[in-house]
Ligand SMILES: [Zn+2]
């Protein structure tokens, strides 16, 4: 136990150095939408873009990637740079061409013009979805199978259609409490992909809008990027999805040359491999059944460290901070010490989540309640896994 404690303390110091990059800058403006310049030819943005007095980005031609969004001033980590109402949402992930057509017919002519001006993917090789999904395919419902076949056809039909445009530009508009939803935001559709993105988006169901926050400091002139794939995905999988679904090859630093072990791409490849291994371990039933708390903390701290080194400042990072905080409180309750660490980690959870999803997002509110509980009540704070925070004995938060 003695050794384990020292090792964990070493790991904490190690990753805390990196943490300052994200969390110390989190006290920046969070709640006020700031900008919404547009150079994409649109003059009527009142419906889709929330009002603002300051412009922090511009949409312009990139080198070889079509249009893209660029910062026109230094933007601090955590800044909300765009809040956009979608042109429409499809409340299903098995959308059909008919459902899409109905939505487009509801738009006015100007909105339709904006929709049809977006990038389309329709010249890709046909990818049979039953091959792509292999073992899962038989378990899909017929509607999902039909949908995937329809989208695969739209991507390879050689014709620009509503489906080929939507397939290239749809975004996840689901949140923790709503069913699956796909949204189409015409301004955000101009934001290009990076495997090391500087911006995170999240659906705000209360405002019915997609929100975009920069998750690290962005310099004037830098391109604003989001990830089109699950953020910790490994190189081969990213390459395949981006080629087959979007028709491009990513040239971000993580996708560069891996000849040299000290290159960003080599290091990224190694880290994502380790993140994948840890991910599997941390979510396995045998791991969850194991009550070796020290082992859990060590693995989760390593996970946090790898995410930070990779520069993936996403809600997953914030959630991991919260989990480690709760592990430490378990230690503290067992008389092993750790209340101070529990509070530190809870603060980090709130900071990262505030930068990524804002102060009012349900996950962040949850972590804020947790932080408040242990700051105010220390060892009397007890965590209940079903999502309710209780204070030992009496109060119910
Ligand atoms: Zn990349």
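No lab work stands behind these numbers, since they all come straight from the coordinates. Everything quoted here is computed from the prediction, not taken from an experiment. Note that each Cβ is placed from the backbone with ideal geometry, even for glycine, and that neighbours are counted across all protein chains shown.
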Check: Can you sort 293, 184 by how many other beta carbons sit within 10 Å, fewest first?
Finding: 293, 184
Next item on the list: Just grab the label-to-label distance for residue 63 and residue 157, each label 7 Å out from Cα along the Cβ direction, in nm (one decimal).
Entry: 3.6
Check: What is the order of 331, 321, fewest Cβ neighbours within 10 Å to most?
Finding: 331, 321
Checklist line | Prolate/oblate/rounded label for the range 111-180 (Cα gyration tensor, a/c 1.5) | finding: oblate
Check: Points 7 angstrom from Cα along the Cβ direction at residue 281 and residue 249: gap in nanometres?
Finding: 3.4
Notebook entry, point to check: Full extension from residue 105 to residue 92: what is 0.36 nm times the residue separation minus their Cα-Cα distance, to one decimal in nm?
Noted result: 2.9 nm
Checklist line | Shape of the range 127-265, Cα gyration tensor, a/c cut at 1.5 | finding: oblate
Check: If each residue's Cβ is checked for other Cβ atoms within 10 Å, how do 261, 294, 203 rank with the fewest at the top?
Finding: 261, 294, 203
Check: Normalised by the number of residues in the range 220-306, what is the relative contact order in percent for Cα pairs under 8 Å and 6+ residues apart?
Finding: 21
Checklist line | Whole-Å distance, taken between Cα centres, linking the range 273-304 and the range 206-228 | finding: 30
Item checked: Relative contact order (%) - criterion: Cα under 8 Å, at least six apart; region: the range 57-255 -> 31
Check: Applying 1/(1 + (r/R0)^6) with R0 = 30 Å to the Cβ-Cβ distance of residue 294 and residue 230, what FRET efficiency is obtained, to the nearest 0.05?
Finding: 0.55
Margin query: Students often get this wrong: which residues of the range 91-117 have the backbone nitrogen under 11 Å from the point 7 angstrom along Cα-to-C-beta of residue 146?
Written below: 95-99
Notebook entry, point to check: Using a ≥ b ≥ c from the Cα gyration tensor of the range 53-104 (square roots of the eigenvalues), is it rounded, prolate or oblate, where a/c under 1.5 gives rounded and otherwise the larger of a/b and b/c decides, a/b for prolate?
Noted result: prolate
Notebook entry, point to check: Based on the Cβ-Cβ distance from residue 72 to residue 207, what FRET efficiency comes out when R0 is 30 Å, to the nearest 0.05?
Noted result: 0.75
